[in-house]
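Undergrad: This is the structure, below, for whatever I ask next.
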Protein chains: 2
Amino acid sequence: TSSGVFLLQMGWGDLGAFGEPSKETPNLDQMAAEGMLFLDFYTANPLCSPSRAALLTGRLPVRNGFYTTNGHARNAYTPQDIVGGIPDSELLLPELLKKAGYVSKIIGKWHLGHRPQFHPLKHGFDEWFGSPNCHFGPYDNRERPNIPVYRDWEMIGRYYEDFKIDLKTGEANLTQLYLQEALDFISKQQASQQPFFLYWAIDATHAPVYASKQFLGTSQRGLYGDAVREIDDSVGKILNHLQQLGISEDTFVFFTSDNGAALISAPMQGGSNGPFLCGKQTTFEGGMREPAIAWWPGHIPAGGVSHQLGSVMDLFSTSLSLAGLQPPSDRQIDGIDLLPVILQGKLIDRPIFYYRGNELMAVRAGLYKAHYWTWSNSWEEHGKGIDFCPGQSVSGVTTHTQEEHTYLPLLFHLGRDPGEKFPLSFASEEYQRAVERISGLVQQHRATLVPGQPQLNVCDQAVMNWSPPGCEKLGKCLKAPESDPKKCSWPH
Amino acid sequence: TSSGVFLLQMGWGDLGAFGEPSKETPNLDQMAAEGMLFLDFYTANPLCSPSRAALLTGRLPVRNGFYTTNGHARNAYTPQDIVGGIPDSELLLPELLKKAGYVSKIIGKWHLGHRPQFHPLKHGFDEWFGSPNCHFGPYDNRERPNIPVYRDWEMIGRYYEDFKIDLKTGEANLTQLYLQEALDFISKQQASQQPFFLYWAIDATHAPVYASKQFLGTSQRGLYGDAVREIDDSVGKILNHLQQLGISEDTFVFFTSDNGAALISAPMQGGSNGPFLCGKQTTFEGGMREPAIAWWPGHIPAGGVSHQLGSVMDLFSTSLSLAGLQPPSDRQIDGIDLLPVILQGKLIDRPIFYYRGNELMAVRAGLYKAHYWTWSNSWEEHGKGIDFCPGQSVSGVTTHTQEEHTYLPLLFHLGRDPGEKFPLSFASEEYQRAVERISGLVQQHRATLVPGQPQLNVCDQAVMNWSPPGCEKLGKCLKAPESDPKKCSWPH
């Protein structure tokens, strides 16, 4: 059975099926109606790079190295001056799937390091069309080079130069390119009768948000909604393609997000986390609970709904299971195989760990969530207008100083209070019972935790995308400055 | 064509189909899947009595008298010491439907005045099972009598005495009684082949929230969710009954709410307004945008979704239209006939007026909403813990003093910003264009407005439910104190 993962940045509340009031995602809603909706599905980190590393390794960022120790509880990712990346010692899903004869392709944003040793084709992927970093820019190619776009081993151009994004109008045809790549790859795999793993990691809903001309101005929601509509349309076309080729019953498809909607980009370029608190960068539900849909016609009963506590890391274990493979036994794997959940409606008891960098901020078990640390961002950053919780303020919860609650965790019941607004009374029996249980899980987690070598500590202008492989052919090699490694600055 | 209206207090975000994370409303979701979901549907007031008066008269509360002038912009309703009620001069939907041979029944909370002249059977209903006021209590029958439950003209008992509600456990079997009443009425009407209007105005989700024993503890959401599950189950049974009797294609059914979820009762007894700002009592979207579903098998295409700006007042005009009747021409009717929207997918251009008592607080036209006044509640009330926007605070928007913006309205684009968090810049062209248009609508509205005699100004302990008709038979007549009419106190 082939598998496909659609991963992008979208909030829990961005889909019609999840209650977005303009209800403009007919294809994703249809995917949900034909498949299974996961309502309690989580990413592994409230920021992109660590989440993606977790998805592909089945391991928490604190294990696979995608975190920083430069400051306490800081989110970190892979900007183009990052020195680190995915360690060779990590085993990635496509590397493992090779054993079962899979061909793997990543389309879109890699984000696990852009230096040669971190290249996706060195970590199991067979094909790549996309970029190593976020499509930020345009840059001047002197202080900072524009981000390259790769086809397999070589750069074929740069964003803003060869792959246009009009920041004024929001126009860019990149999603169409990514769509065509996906359709072509699927056709090719179908023709060669080889199982495949497609990782469709597009970025149109990540600021700077963009959409193709035909979608611009078509949404009630502005540019962000235009991008969502184009993605929705593309997902519909990909699923339809699988059906037309007659391989939909042999292809397991999963749609989810790498972090909650970036409310800091709202209202023009940010999405919705529905009824949840705050967004991207935070360990409140808005930062880490994600829309999630499993689709596999003929196997998953249509219209299914699951309250399984799920994680992007489960896609690692589930994809291996679909290929008849076991996850590696020489290391701790955090993902679980969701097939019993999806095919037999089982509920597997497991906690969700909410990390921010090197700190375990919160833990969910059942319907209870205990916060050991709370922080949205610093007063200093907040004073500059950086607000991860616009319009939301819960006394003692959305704090602008790092508040420790390790001795007396803040406890929420997410069934009665999905918005994390009403902490349970410390004196209640319910509190004591729930915290006792969660404390046990935390102790167990901490006792066996072997943190990986932190990859996101050091930055150096010299490692930027000055001269990616292939730049000579294009005449696009740039001169790197002298190496000057420094601690990266992670303000939140 | 018969018609049925399910009206209760529930928030926009309380249904699975509207993104409630526990997704525990399979029957309502099914109703939506078989019918049409209205995503932009409004009540006429953020409080119960005025909304209900508006539904049954097709007119804004400021016209039909269901408002107060005791203070500026105050919400008012019909507690049992209210002297006023629905004026005889108002024409109610069941009165008008009589001309087409309809039999009408109200099951549940009437709330348009409890004195003899306001009795529902004096205003067009043929049958009644339920209460004139909210099921608050228990009272001591000396300072304050317990609320009576009527069958037709006579009281048959009182809440807490003859109709038990256990405030400790939340157990009460009232929804089951109301369900059975509905099923029996429908059976009777089907047998007699007479068209009917059923107004199922149940109150299990209004504090004090209750559910029957079989539903207690069955929801992820606590007692409130148990009540929602029981209502959901009941709606399913009623729709199923229509189908079993073979009259579903002759019965138009509408489900909606009289105001947004009461966040003040959260988390144990309050619902969810999804991504919207604040709740009941406010003129933000959370107070007035409502879940709404139209169901009419064989007529409404399944799975329909409408962005028509709709109102509970439209149920008046639509029900008349279904009966082949015209609305009265001697007065201003605010409701519109939704049949072209429902059957032909039309979109009718019309504004939504958001009132709080005697003040026009806000107006929506298209995707724009202009606030002329903002107020959640006073600092004094807020200081007492009365919070209509828990965890939400938007600077200059969720104000605790009455803020006038009549010269420079606060403008929101509800497509990009459904949560009313980001007012548009006053200097923008978009602002000027939208406000110009809305100002025209307001001028027109004000120029033709003839306010009704305010009914909710005077309170008097002597008018309470001391000796409702039928009390003698039950030995339940109580002695009224001397009349002492006073201005009612409406703090918000």
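The values are calculated or read from the model by the stated rules, or taken from the named source; none is laboratory data. Small disclaimer: the values here were computed from a predicted structure and weren't measured. Glycine also receives a Cβ, built like all others from the backbone with ideal geometry; neighbour counts cover every protein chain displayed.
Undergrad: Filter region A:286-312 down to the residues that are of a type in the set (Val, Ile, Thr) and surrounded by 24 or more Cβ atoms within 10 Å (Cβ to Cβ), then identify the one that is nearest to residue A:350 (Cα to Cα). Break it down stepwise before answering.
TA: As a first pass, look at region A:286-312 and keep what is of a type in the set (Val, Ile, Thr): A:293, A:300, A:305, A:312.
After this cut, where a residue has to be surrounded by 24 or more Cβ atoms within 10 Å (Cβ to Cβ) as well, the list is A:293, A:312.
Working: A:293: 19, A:312: 14 Å.
Only one residue fits best here, namely A:312.
Undergrad: Next question, about the same structure. Would you confirm, using the coordinates I've provided, whether residue B:463 is under 23 Å from the mean Cα position of the chain (by Cα), under 30 Å from residue B:134 (Cβ atoms) and in contact (Cβ under 8 Å) with a residue 40 or more places away in the chain? Lay out the reasoning, then the answer.
TA: Working: under 23 Å from the mean Cα position of the chain (by Cα): no; under 30 Å from residue B:134 (Cβ atoms): yes; in contact (Cβ under 8 Å) with a residue 40 or more places away in the chain: yes.
Spelling it out, it is not the case that residue B:463 is under 23 Å from the mean Cα position of the chain (by Cα), under 30 Å from residue B:134 (Cβ atoms) and in contact (Cβ under 8 Å) with a residue 40 or more places away in the chain.
Undergrad: Only one of B:191, B:201 is within 25 Å of residue B:169 (Cβ to Cβ) and either within 14 Å of chain A (Cβ to nearest Cβ) or hydrophobic (A, V, I, L, M, F, W, C) (or both). Can you tell me which? Please lay out each step first, then the result.
TA: On the way: B:191 fails: within 25 Å of residue B:169 (Cβ to Cβ).
Step by step, each of B:191, B:201 is checked, and only B:201 is within 25 Å of residue B:169 (Cβ to Cβ) and either within 14 Å of chain A (Cβ to nearest Cβ) or hydrophobic (A, V, I, L, M, F, W, C) (or both).
Undergrad: Does residue B:20 satisfy being surrounded by 24 or more Cβ atoms within 10 Å (Cβ to Cβ), of a type outside the set (Val, Ile, Thr) and within 14 Å of another protein chain (Cβ to nearest Cβ)? Write out each step before concluding.
TA: Working: surrounded by 24 or more Cβ atoms within 10 Å (Cβ to Cβ): yes; of a type outside the set (Val, Ile, Thr): yes; within 14 Å of another protein chain (Cβ to nearest Cβ): yes.
The answer is yes for residue B:20.
Undergrad: Looking for whichever is on the phi < 0 side of the Ramachandran plot, touching a residue at least 40 places away in the same chain (Cβ under 8 Å) and either outside any helix (DSSP H, G or I) or of a type in the set (A, V, I, L, M, F, W, C) (or both) here; the options are A:445, A:492. Which one fits? Quick ask: steps written out before the conclusion?
TA: Numbers: A:445 fails: either outside any helix (DSSP H, G or I) or of a type in the set (A, V, I, L, M, F, W, C) (or both).
Exactly one residue qualifies, and that residue is A:492.
Undergrad: Filter region B:199-217 down to the residues that are under 19 Å from residue B:107 (Cβ atoms), in contact with a helix residue (DSSP H, G or I) (Cβ under 6 Å, 6 or more places away or on another chain) and touching a residue at least 24 places away in the same chain (Cβ under 8 Å) and list them by number. Spell out how you get there, then give the answer.
TA: So in region B:199-217, the residues under 19 Å from residue B:107 (Cβ atoms) come out as B:199-206, B:209-212, B:215.
If we keep only those that are in contact with a helix residue (DSSP H, G or I) (Cβ under 6 Å, 6 or more places away or on another chain) too, we end up with B:200, B:202, B:204-205, B:209, B:211-212, B:215.
Answer for region B:199-217, where residues must be under 19 Å from residue B:107 (Cβ atoms), in contact with a helix residue (DSSP H, G or I) (Cβ under 6 Å, 6 or more places away or on another chain) and touching a residue at least 24 places away in the same chain (Cβ under 8 Å): B:200, B:202, B:204, B:205, B:209, B:211, B:212.
Undergrad: Go through (1) within 14 Å of chain A (Cβ to nearest Cβ); (2) over 16 Å from the mean Cα position of the chain (by Cα) and name the single condition residue B:12 misses.
TA: All conditions pass for residue B:12, except number (2).
Undergrad: When you scan region A:418-438, do you find a residue that is free of Cβ contacts under 8 Å to residues at least 40 places away in the same chain and among the basic types (Lys, Arg), even just one? Show your work before the answer.
TA: Within region A:418-438, the first condition is being free of Cβ contacts under 8 Å to residues at least 40 places away in the same chain, and the residues that meet it are A:422-433, A:436.
Narrowing further to those that are among the basic types (Lys, Arg): A:433.
For region A:418-438, residues free of Cβ contacts under 8 Å to residues at least 40 places away in the same chain and among the basic types (Lys, Arg): present.
Undergrad: Next question. Tell me which residues, restricted to region B:376-417, are on the phi > 0 side of the Ramachandran plot and in contact (Cβ under 8 Å) with a residue 12 or more places away in the chain.
TA: Just the residues of region B:376-417 that are on the phi > 0 side of the Ramachandran plot, to begin with: B:385, B:391, B:396.
The answer is B:396, and nothing else.
Undergrad: Just give me the residues in region A:315-357 being in a helix (DSSP H, G or I) and free of Cβ contacts under 8 Å to residues at least 40 places away in the same chain, in sequence order. Before you say what the answer is, go through the steps one by one.
TA: Residues of region A:315-357 in a helix (DSSP H, G or I): A:315-322, A:339-344.
Within region A:315-357, A:321, A:339, A:340, A:341, A:344 meet the criteria.
Undergrad: Ok, one more. Only residues that are surrounded by fewer than 19 Cβ atoms within 10 Å (Cβ to Cβ) and in a loop (DSSP other than H, G, I, E, B): list them for region A:96-125, please. Write out each step before concluding.
TA: First pass over region A:96-125, keeping only residues surrounded by fewer than 19 Cβ atoms within 10 Å (Cβ to Cβ): A:98-101, A:115-117, A:121-122.
If the condition is that a residue be surrounded by fewer than 19 Cβ atoms within 10 Å (Cβ to Cβ) and in a loop (DSSP other than H, G, I, E, B), then A:101, A:115 are the ones that fit.
Undergrad: What are the residues in region A:370-390 that are under 21 Å from the mean Cα position of the chain (by Cα) and either of a type in the set (D, E, K, R) or surrounded by fewer than 21 Cβ atoms within 10 Å (Cβ to Cβ) (or both), if any?
TA: The answer is A:387, and nothing else.
Undergrad: Return the pair list, or none, for Cβ contacts closer than 8 Å from residues in region A:143-161 that are closer than 16 Å to residue A:185 by Cβ to residues that are of a type in the set (Val, Ile, Thr), at least 6 apart or on different chains.
TA: A:150/A:156
Undergrad: Which ones in region B:3-47 are part of a helix (DSSP H, G or I) and closer than 24 Å to residue B:322 by Cα? It would help to see each step written out before you state the result.
TA: Residues of region B:3-47 part of a helix (DSSP H, G or I): B:12-14, B:16-18, B:26-34.
Selection gives B:28, B:30, B:31, B:32, B:33, B:34.
Undergrad: Would a scan of region A:423-430 turn up a residue that is surrounded by 14 or more Cβ atoms within 10 Å (Cβ to Cβ) and closer than 24 Å to residue A:277 by Cα? Before you say what the answer is, go through the steps one by one.
TA: Step one: filter region A:423-430 for residues surrounded by 14 or more Cβ atoms within 10 Å (Cβ to Cβ), giving A:423-424.
Now drop any that are not closer than 24 Å to residue A:277 by Cα, which leaves A:423-424.
Looking for residues that are surrounded by 14 or more Cβ atoms within 10 Å (Cβ to Cβ) and closer than 24 Å to residue A:277 by Cα, one finds at least one in region A:423-430, hence yes.
Undergrad: Filter region A:436-461 for residues that are within 14 Å of residue A:369 (Cα to Cα) and surrounded by 18 or more Cβ atoms within 10 Å (Cβ to Cβ) and give the result.
TA: Taking region A:436-461 and keeping what is within 14 Å of residue A:369 (Cα to Cα), we get A:436-442.
Passing the criteria: A:438, A:442.
Undergrad: Could you pull out the residue among A:453, A:402 that is touching a strand residue (DSSP E or B) at 6+ places or on another chain (Cβ under 7 Å), of a type in the set (S, T, N, Q) and within 23 Å of residue A:70 (Cα to Cα)? Don't jump to the end; show me each part of the working.
TA: Numbers: A:453 fails: touching a strand residue (DSSP E or B) at 6+ places or on another chain (Cβ under 7 Å).
Among A:453, A:402, only A:402 is touching a strand residue (DSSP E or B) at 6+ places or on another chain (Cβ under 7 Å), of a type in the set (S, T, N, Q) and within 23 Å of residue A:70 (Cα to Cα).
Undergrad: On to the next question. Do you know which residues across region A:412-428 are in a loop (DSSP other than H, G, I, E, B), of a type outside the set (Ser, Thr, Tyr) and more than 7 Å from every other protein chain (Cβ to nearest Cβ)? If you could, list the steps in order and put the result at the bottom.
TA: Here is the first cut: in region A:412-428, the ones in a loop (DSSP other than H, G, I, E, B) are A:414-428.
After this cut, where a residue has to be of a type outside the set (Ser, Thr, Tyr) as well, the list is A:414-424, A:426-427.
Correct list: A:414, A:420, A:423, A:424, A:426, A:427.
Undergrad: Let me ask another. Please find, within region B:161-201, the residue that is nearest to residue B:257 (Cα to Cα) out of those that are surrounded by fewer than 21 Cβ atoms within 10 Å (Cβ to Cβ) and in contact with a Ser or Thr (Cβ under 6 Å, 6 or more places away or on another chain).
TA: Result: B:176.
Undergrad: While we're looking at this one, here's another question. Evaluate region A:220-238: report whether one residue or more is part of a strand (DSSP E or B), over 19 Å from the mean Cα position of the chain (by Cα) and either crowded, with 19+ Cβ neighbours inside 10 Å or within 14 Å of another protein chain (Cβ to nearest Cβ) (or both). Spell out how you get there, then give the answer.
TA: First, pick out the residues of region A:220-238 that are part of a strand (DSSP E or B): none.
Among the residues of region A:220-238, not one is part of a strand (DSSP E or B), over 19 Å from the mean Cα position of the chain (by Cα) and either crowded, with 19+ Cβ neighbours inside 10 Å or within 14 Å of another protein chain (Cβ to nearest Cβ) (or both), which makes the answer no.
Undergrad: Restricting attention to region A:383-411, which residues are within 16 Å of residue A:354 (Cα to Cα) and more than 14 Å from chain B (Cβ to nearest Cβ)?
TA: Narrowing region A:383-411 to residues within 16 Å of residue A:354 (Cα to Cα): A:397-398, A:402-406, A:409-411.
Selection gives A:402, A:403, A:404, A:405, A:406, A:409.
Undergrad: In region B:249-269, which residues are β-branched (Val, Ile, Thr) and within 14 Å of chain A (Cβ to nearest Cβ)?
TA: The answer is B:264, and nothing else.
Undergrad: Given (1) charged (D, E, K, R); (2) part of a helix (DSSP H, G or I); (3) away from chain A (no Cβ under 14 Å), where does residue B:74 come up short, assuming only one miss?
TA: Failing condition for residue B:74: (2).
Undergrad: Oh, and also: Taking region B:57-71, which residues are in a helix (DSSP H, G or I) and of a type in the set (S, T, N, Q)?
TA: Filtering region B:57-71 down to residues in a helix (DSSP H, G or I) leaves B:57, B:61-64.
Matches in region B:57-71: B:57, B:64.
Undergrad: Could you figure out which of (1) assigned to a loop (DSSP other than H, G, I, E, B); (2) surrounded by fewer than 24 Cβ atoms within 10 Å (Cβ to Cβ); (3) more than 14 Å from chain B (Cβ to nearest Cβ) isn't true of residue A:283?
TA: (2)
Undergrad: Return the pairs, sorted by first residue and then second, in which the second residue is among the β-branched types (Val, Ile, Thr), the first residue lies in region B:226-247 and is closer than 22 Å to residue B:267 by Cβ, the beta carbons are less than 6 Å apart, and the residues are 6+ apart or on different chains.
TA: Cβ pairs passing all conditions: B:226/B:218; B:227/B:205; B:227/B:209; B:229/B:218; B:230/B:175; B:232/B:25.
Undergrad: Tell me, please, whether a residue that is assigned to a helix (DSSP H, G or I), in the same structural domain as residue A:257 (by the TED database) and of a type outside the set (S, T, N, Q) can be found in region A:287-307. Steps first, answer last, please.
TA: From region A:287-307, those assigned to a helix (DSSP H, G or I) are A:287-288; that's our starting set.
Next, from what is left, pick out any that are in the same structural domain as residue A:257 (by the TED database): A:287-288.
From what's left, of a type outside the set (S, T, N, Q): A:287-288.
Among the residues of region A:287-307, at least one is assigned to a helix (DSSP H, G or I), in the same structural domain as residue A:257 (by the TED database) and of a type outside the set (S, T, N, Q), which makes the answer yes.
Undergrad: Okay, next question. Residue A:54 passes all but one of (1) assigned to a helix (DSSP H, G or I); (2) more than 26 Å from residue A:388 (Cβ to Cβ); (3) touching a residue at least 60 places away in the same chain (Cβ under 8 Å); which number fails?
TA: (2)
Undergrad: Name every residue in region A:165-219 that is aromatic (Phe, Trp, Tyr) and in a helix (DSSP H, G or I), in order of residue number.
TA: Passing the criteria: A:178, A:185, A:215.
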